[in-house]
Amino acid sequence: MGLIRHIVCAMSGGVDSSVSALLLKRRGYNVTGVFMKNWDSLDESGVCTTEKDCEDAYRVCQTLDIPFHEVSYVKEYWHEVFSNLLKEYERGRTPNPDILCNKHIKFSHFHKYAINTLGADAMATGHYARTSQEDEDVFQQKHTVLPTRLFRDRFEIRNPVRLYKGADLLKDQTFFLSQVSQDALRQTIFPLAGLTKDYVKKIAAEAGFHHVLRKKESMGICFIGERNFENFILEYLEPKPGNFVSVEDGTVMGKHKGWFTLTLGQRARIGGQRHAWFVVDKDITTGDVFVAPNTKHPALFHDTMQTERFHWIAVDPPPELAKTQMMECHFRFLHQMALIPCTVTLNMDGTVWISLSQPLRALTPGQFAVLYKGDECLGSGKIVRLGPSEYTLQQGRERLAAASLHEQQTPEPAC
């Protein structure tokens, strides 16, 4: 990248993006703030505080004396994120809209808008993450002399941009960036890369951004808001009643309104039961949702899974994996969960099998398996299949032991 002068900063109306814009201006960049509207809340009561967020972002830009724009991606969000979300729920999976939003909206449509429409040299967001470019001072305002050749050497090797955890490991957001394209990452700067959340709040206070400091940190899915998830999803999908079935003996325990209103590991609301039951599996052909009578039931634990074609941040899989088809690294499928050692096997079609060092509770198809090697986020793949649960393996061992015992006790026929 040549000399970086103009940066478009994504403004959410929150403290992180506000401080990001402030830091960029202090570093001497020409900064433009842009607020993205991704969900149309006009016909939804109490869903999002979009107008208030936009107003807060505008106030920050006024304080910083930088241009402000608002752009709508409501249509794009509906077609590329929300429609996908509904299809995944119908398939019995539990999707992650935050990862999909970053992939399809912020680091695709917004990235193109910043570079192509507003003529920026780069874009910036308030994520707690960093890239190899920040380490290499690519974003320092130093002029580098470009080659005088008319065409780039077709054999020139461009080092891929790598994604690393931010300095604040508790706030690290590389998990949500694990599907971002190499092209977008190459033109993105994360001003909060080396800062902690507490220090960011201190900068905001000193800058007088009290209106954003008072706001609650956004948690969960914006378009659902404070509402019950089952009620929300039934506004978009037809109810498909089915049975809650005991995974242990096949007893019908109660009724549900649709398998898509439930996710693995959650408590099943079954009337008339003295003890809590938990969702362990779904059969979308029959509509049955299988439940178990314990939050730590072995039917909830798995240690293997397969993903769809894996998205590597650096485009190609790590050399070690490409060479041997196997690699040791670390795994998570929920933001902020502890990283778990794992072994990854690369398949010919680009999918991967992941074997964990220990069984995990409620591994969920539709969620993303995100891989790490040290501080580097390697990328992610959507979980599409789970290996056998601990309960299934336990039953198999018991059947094998019973068959072996029966064989030993069966007398040999007399000659």
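The values are calculated or read from the model by the stated rules, or taken from the named source; none is laboratory data. Quantities reported herein were computed from a predicted structural model and do not represent experimental measurements. We place every Cβ from the backbone using ideal geometry, glycine too, and count neighbours over all the protein chains shown. SASA here: full protein model, heavy atoms, side chains in, ligands and nucleic acids out. Shrake-Rupley method; radii C 1.70, N 1.55, O 1.52, S 1.80 Å.
In the chain, carbon and sulfur make up what percent of the accessible area (probe 1.4 Å)?
Of all accessible area on the chain, carbon and sulfur atoms account for 51 percent.
Please tell me which of these pairs span more than 25 angstrom C-alpha to C-alpha: K171/K373; K52/K202; K171/K202?
From K171/K373; K52/K202; K171/K202, over 25 Å: none.
Which residue fluctuates the most in the chain, going by a Gaussian network model with Cα springs under 10 Å, if the choices are A276, A204, A402?
A402
How much net charge surrounds S355 when only other residues with a Cβ under 11 Å from its Cβ are counted (Lys, Arg +1; Asp, Glu -1)?
-2
For region 65-109, divide the Cα radius of gyration by the Kirkwood radius and give the resulting Rg/Rh value with two decimals.
1.14
Quick check: net charge around V384, other residues with Cβ under 11 Å of its Cβ, Lys/Arg +1 and Asp/Glu -1?
+3
Restricting to region 220-354, what percent of DSSP beta bridges are antiparallel, rounded to 5?
If I count the DSSP bridges inside region 220-354, around 90 percent turn out antiparallel.
Rank D316, D281, D349 by mean-square fluctuation in a GNM of the chain with C-alpha springs under 10 angstrom and give only the top-ranked residue.
D349
Can you tell me the accessible area per residue over the chain, all protein chains present, probe 1.4 angstrom, in square angstrom?
Per residue, the chain has 52 Å² of solvent-accessible surface.
Residues with beta-carbon under 13 Å from that of T304, excluding T304: net charge, scoring Lys, Arg +1 and Asp, Glu -1?
Neighbour charge sum, excluding T304 itself: -1.
Using only the alpha carbons of region 289-414, what is the convex hull's orientation-averaged projected area in square nanometres?
Across all orientations, region 289-414 yields a mean hull projection of 11.7 nm².
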